[in-house]
Structure formats: structure tokens, C-alpha cells
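Asker: Right, I'll just put the structure down here and ask away after.
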Amino acid sequence: MKYRVLGKTGGKISEVGLGTWQLGGADWGRIAEADALRVLHRAAESGVTFFDTADVYGMGVSERTIGKFLKETKEKVCVATKVGRKLWAESGLKWPERITLEMARQATESSLRNLGVDVIFLQQWHCLPTEEYRRGEVFEHLETLRREGLIQHWGCSVESVEEARLCMTHPGCATLQVIFNIFRQKLIDDLLPQARQHDVGILARVPLASGLLTGRFGPGHQFPPTDHRAYNADGQVFNVGETFAGIPFQRGVELAERVRAILEPDSHETMAQLALRWILDYDAVSSVIPGASTVEQAGNNAAAAGLLPLGEATHRQLRELYEAEVAPLIRGPY
């Protein structure tokens, strides 16, 4: 494993982290707590020191599972969580008129209890409406929580470049969590240089396009109805970009095969590992945060840090594929 500085936090974290949406036991299919704990332990044993969660993942299940892991392990890990979407879910998939300081404080205190910690390393707003970022009050809420000692650092998980720029205008913003993968390359020119200039750490989520970039799915693959890859395939519930990176599934399967032909995985590396390596080739990225539902996936994802950077020719071919055939297909805020 290798380690990178996480923006204004000044701390180093593993360049391959662990996303834990799937450990909530919803939206990706069921996962038993014992299996989830094994995934967390395997990731930590593989050198992963950064876990990302949210209060809405299983409505607290993911956070509480990480809390149990923290009591069991001697490994030192940094845990980031997110708030906001639970408010949306509890309000019948509607946003409050305004997100108040008291809402932020109550949500953060709930996360502290779930995680069993005294202070949250990194608290993030979780894909708020753009207008909330424009008003800017939400940034001051997290600044207040930082001064009160409930959180150490704060950042924002965003859907678009516009939202990312709004967040970066506040000097306290330490990190941005963004959708970044081989199918979502706009950020290379539109955001990564600005993030580096502002000393804002980039956390790359949806790095495998909800599994498309593993190359495991064939045409006609069916997901269980409770899996977001079924119920949100066309953005029926939340931003379509969070599911398959906004690419229609059938076309995504075809394009993934084109990506495979360019990456040329061999017996020593998987397509998923090479897709993660592509992200890590951009030094503005502090950590890539793939999910894992099995110990094998957790170990394989971590091993991507040990791969050599991809060559210029590979990057050029993937950029050409993106510009010619992928970019016109992307739906949702970007």
C-alpha cells in the first residue's frame, strides 16, 4: 500500500480506501454483519487506512458495523462519514427548506454514537441540493461543529463540477468526494487542477461504475429489485450518475469490453485493479474508495496500489474512447 496526503487535513491516508455503502445491507443486496466485519478487517490488514461511510447507508447500519470493527481492531484507520441524505430519506425523499445547524449537529452526534468515537475525522455533506452550496450556510454549520470539537475536518460529496467549485470557495473545505472513473473523465481538465491549487483532497467514488468496469456483467444481466442497479438504473430515485456512472447499463456492458481491450489485463492483474490504477495515476486524487462485499474483493482492490502506472498510450486510448463514445451517453449532473 502507498499513502497520500488528504488535502488540508495534512494527514496521510491509503491511496486505496474502502467505500462502505454496500455494508449497510441495502441498495447492493444483503450482507451479514459477520461478513461485513471480515471485509473491514481484510481491508485494514491489506494496508487500507481510510474508510468512507454515511449515516444513510442502511440508515446507520454501515456506521454501526464500522463502530464494532473499531472496537475489535488494533489497526489505525481514519473514518469519514457523511450527513444530509438521511434527512432527505426520512422526509419522504424530499429536502427540508433549509438545513439548519441543529440538523447538522443532531446528525453528527448520531454518527458519533454509531461509530463509537469521540470525534469524527472527516465529516462531509452528502450530495446536498446545489442551492444549499450556493447559500453557503451549510459550510458555516460544519465550521461550528469543528470549533465545538465534534469533527476534525470537513468536506463535501458533490455531483457536479459546479458544486465542487462552490465548495472550494470556502477555505475550510478540506476534501471533495466526486464520481471519477474511466467513464467520467471530465474532471481531469475541469476540476483536478483547481483542487490541487486549493489544496483540497480528492476522494474518487464510484470508481468501478457500479461494477461495470470489473467486466463481470454480460448483456441482459438482472439485478435484484432492492439493488440500486435495478431500481435506480435510469435515475428513478436519485442522481443517475451514482448508478453505472450515468451510463445506460446495456451500452455500459459493451463499452466495458472496449475498455478491457485497451487495458489488456493478464493473469497477474484484474480489469478492476487496472481501472483503479487509472484513477491513481492522477496525483490530485488522495484516495480511491471502491466498495467490497467479500474479503477477496477487499484484498484485490487494495492490491491495485502496487501496480505500475499505466502508460501514455493506454491513457490516450481511454481518453479517445471516452470523448468519442462515452461522454455523449452520460446522464445526470456532471
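Asker: Ordered by residue, what ³J(HN,Hα) values in Hz, to whole numbers, does the range 90-100 give under the Karplus form 6.51 cos²θ - 1.76 cosθ + 1.60, where θ = phi - 60° and Gly and Pro are x?
Answerer: Whole-Hz 3J(HN,Hα) from phi for the range 90-100: 6, 9, x, 6, 10, 8, x, 4, 9, 8, 8.
Asker: Another question about this same structure. Can you tell which of E269, E63, E102 shows the greatest fluctuation in a Gaussian network model of the chain with Cα springs below 10 Å?
Answerer: E102
Asker: Would you mind counting up the charge near Q185? Only other residues with Cβ under 11 Å from its Cβ, with Lys and Arg at +1 and Asp and Glu at -1.
Answerer: So the surrounding residues net to -1.
Asker: Show that you can apply the helix-only estimate: for the chain, add -39,500 (n - 2.57) for every DSSP H stretch of four or more residues, divide by all residues, and state [θ] at 222 nm to the nearest 500.
Answerer: It lands at -11000 deg cm²/dmol.
Asker: What does the charge add up to near L101, with Lys and Arg as +1, Asp and Glu as -1, over the other residues with Cβ less than 11 Å from its Cβ? Kindly include the intermediate steps, with their values, before the conclusion.
Answerer: Details: positive: R98, R105; negative: E102, E137, E140, E143, E148.
Net local charge, L101 excluded: -3.
Asker: Would you kindly state how much longer the chain becomes between Y282 and R258 on full extension, computed as 0.36 nm times their sequence separation minus their alpha carbon distance, in nm to one decimal?
Answerer: Working: separation 24, 0.36 × 24 = 8.64 nm, distance 2.17 nm.
Between Y282 and R258, full extension yields an extra 6.5 nm.
Asker: May I pose another question? Under 24 Å Cα to Cα from K2, which lysines show up? Leave out anything in the same chain fewer than 8 places away.
Answerer: K12, K74, K76
Asker: Amide H of Q124 versus every other amide H placed in the peptide plane: which residues, excluding those fewer than 5 positions away on the same chain, fall under 5 Å?
Answerer: Those lying under 5 Å, H to H, from Q124 are T81, K82, V83, G155.
Asker: I need the shape label for the range 84-151. Rule: rounded when a/c is under 1.5, else prolate if a/b > b/c, else oblate, with a, b, c from the alpha carbon gyration tensor. Walk me through the numbers before you get to the answer.
Answerer: Working: a/c = 2.26, a/b = 1.35, b/c = 1.67.
Because a/c hits 1.5 or more and a/b fails to exceed b/c, the range 84-151 counts as oblate.
Asker: How many angstrom lie between the C-alpha centres of the range 63-117 and the range 125-192?
Answerer: 17
Asker: Can you tell me the FRET efficiency between R98 and E33 if r is taken as the Cβ-Cβ distance and R0 is 45 Å, rounded to the nearest 0.05?
Answerer: 0.80
Asker: Sequence gap at least 6, Cα distance under 8 Å: using those rules, report the relative contact order of the chain to the nearest whole percent.
Answerer: Reported as a whole number, the value is 22 percent.
Asker: Give me the distance between the Cα centres of the range 241-276 and the range 288-334, rounded to whole Å.
Answerer: Each part reduced to its Cα centre gives a spacing of 7 Å.
Asker: Antiparallel DSSP bridges in the chain: what percent, to the nearest 5?
Answerer: Of those bridges, close to 10 percent are antiparallel.
Asker: Neighbour counts of other C-beta atoms within 10 Å: give me C173, C78 arranged from fewest to most.
Answerer: So the residues, fewest neighbours to most, are C78, C173.
Every number in this text was worked out from the coordinates using simple rules, so none of it is lab data. As the structure is a prediction and not an experimental result, all values here were calculated from the model. Note: ideal-geometry Cβ built from the backbone for every residue, glycine included; neighbour counts use all protein chains shown.
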